[in-house]
Amino acid sequence: NQSDWMKASVISSKYYIPLTLIKNELLEKSCDLNPFGSQRLYWIDSGMFSSFGINEHIDIFNFNKLPEDNFFLMAYNYNTDTEIHGYNIKAMEQLCNTKPTYVCRATLFGGKPEHIKRFNEKYYYYIYKSITRGNIGTEESIYTIVDILHPELVHKYLMPYGDVKLYLDTIRSR
């Protein structure tokens, strides 16, 4: 069953949250190195295709169709009274001055290097602020905090049901 799988998965590892939080640093380092001179860089999660039943090759999607005005994130409605991806909902509500009603996905995100760097400044700040308050969750909970408190930095696409495949269908090449 699903619960047994989750208990035996990487999600139960004490290293899971630190591993998720490092994605933005890796993306920013790619901006600094940028060996191909790319104008936009995106993180595409390695498990995205298997997690969402995407059977096509990655080349079928035209990532140049992604919005380029801000840091791109996808989100979906998420109503809870307990936690958002490991982050205590009451602590998030106190930090954000509102109760989050959605969560940002961390399967596909990024943009222009300057957008990534501006977003990451806040991202790292809220990781630090969260830890000093005795709270932390996955990168998705921190993305949600940044989006709520600094929406001017984010181009958020609100997905129904959190299904990344539905969004990818909008950027098909063929």
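With the structure loaded, tell me whether Asn97 is of a type outside the set (D, E, K, R), over 14 Å from Leu41 (Cα atoms) and in contact (Cβ under 8 Å) with a residue 40 or more places away in the chain or whether it fails that test. Considered against the rule, which asks whether it is of a type outside the set (D, E, K, R), over 14 Å from Leu41 (Cα atoms) and in contact (Cβ under 8 Å) with a residue 40 or more places away in the chain, Asn97 comes out as no. Within the stretch 46-56, track down each residue that is open to solvent by 40 Å² or more (accessible area, probe 1.4 Å) and either in contact with a Ser or Thr (Cβ under 9 Å, 6 or more places away or on another chain) or among the β-branched types (Val, Ile, Thr) (or both). Residues satisfying the conditions are Ser51, Phe52. Restricting attention to the stretch 68-92, the residues that are modelled with pLDDT of 95 or more, under 20 Å from Ser173 (Cα atoms) and outside any strand (DSSP E or B) add up to 0.
Going residue by residue through the stretch 116-127, is there one that turns out to be open to solvent by less than 30 Å² (accessible area, probe 1.4 Å), over 22 Å from Arg40 (Cβ atoms) and touching a Pro at 6+ places or on another chain (Cβ under 7 Å)? So far as the stretch 116-127 goes, no, none of its residues is open to solvent by less than 30 Å² (accessible area, probe 1.4 Å), over 22 Å from Arg40 (Cβ atoms) and touching a Pro at 6+ places or on another chain (Cβ under 7 Å).
Identify, please: which residue in the stretch 92-115 is in contact with a Leu (Cβ under 7 Å, 6 or more places away or on another chain) and more than 25 Å from Asn79 (Cβ to Cβ) and is, among those, most open to solvent (accessible area, probe 1.4 Å)? Out of the qualifying residues, it is Pro113.
Checking each residue in the stretch 155-166 for being in a strand (DSSP E or B) and either touching a Cys at 6+ places or on another chain (Cβ under 6 Å) or farther than 13 Å from Leu66 by Cβ (or both) picks out Leu158, Met159.
Evaluated against (1) over 14 Å from the mean Cα position of the chain (by Cα); (2) under 19 Å from Lys23 (Cβ atoms); (3) modelled with pLDDT of 95 or more, Ile136 falls short on exactly one condition, (3). When each of Asp4, Asp59 is tested for being open to solvent by 80 Å² or more (accessible area, probe 1.4 Å) and at pLDDT 85 or above, the lone residue that passes is Asp59. Per the listing Leu95, Leu153, the residue uniquely modelled with pLDDT of 95 or more and more than 30 Å from Gly37 (Cα to Cα) is Leu95. When Val146 is tested against (1) at pLDDT 95 or above; (2) on the phi < 0 side of the Ramachandran plot; (3) surrounded by fewer than 18 Cβ atoms within 10 Å (Cβ to Cβ), only condition (3) is not met. More than 22 Å from Ser38 (Cβ to Cβ), in contact with a Ser or Thr (Cβ under 8 Å, 6 or more places away or on another chain) and assigned to a helix (DSSP H, G or I): which single residue out of Ile145, Ile136 fits that description? Ile145 is the lone residue from the list that is more than 22 Å from Ser38 (Cβ to Cβ), in contact with a Ser or Thr (Cβ under 8 Å, 6 or more places away or on another chain) and assigned to a helix (DSSP H, G or I).
Taking the residues in the stretch 73-90 that are in contact (Cβ under 8 Å) with a residue 24 or more places away in the chain and out of contact with any helix residue (DSSP H, G or I) (no Cβ under 8 Å at 6 or more places or on another chain) as candidates, determine which candidate is most open to solvent (accessible area, probe 1.4 Å). Going through the qualifying residues, I end up with Asn77.
The values are calculated or read from the model by the stated rules, or taken from the named source; none is laboratory data. Remember, predicted model here, so these are calculated numbers, not experimental data. Glycine gets a Cβ as well: all are built from the backbone with ideal geometry, and neighbour counts include every protein chain shown. Just the protein is used for accessible areas: all its heavy atoms, side chains included, with ligands, DNA and RNA removed. Shrake-Rupley method; radii C 1.70, N 1.55, O 1.52, S 1.80 Å.
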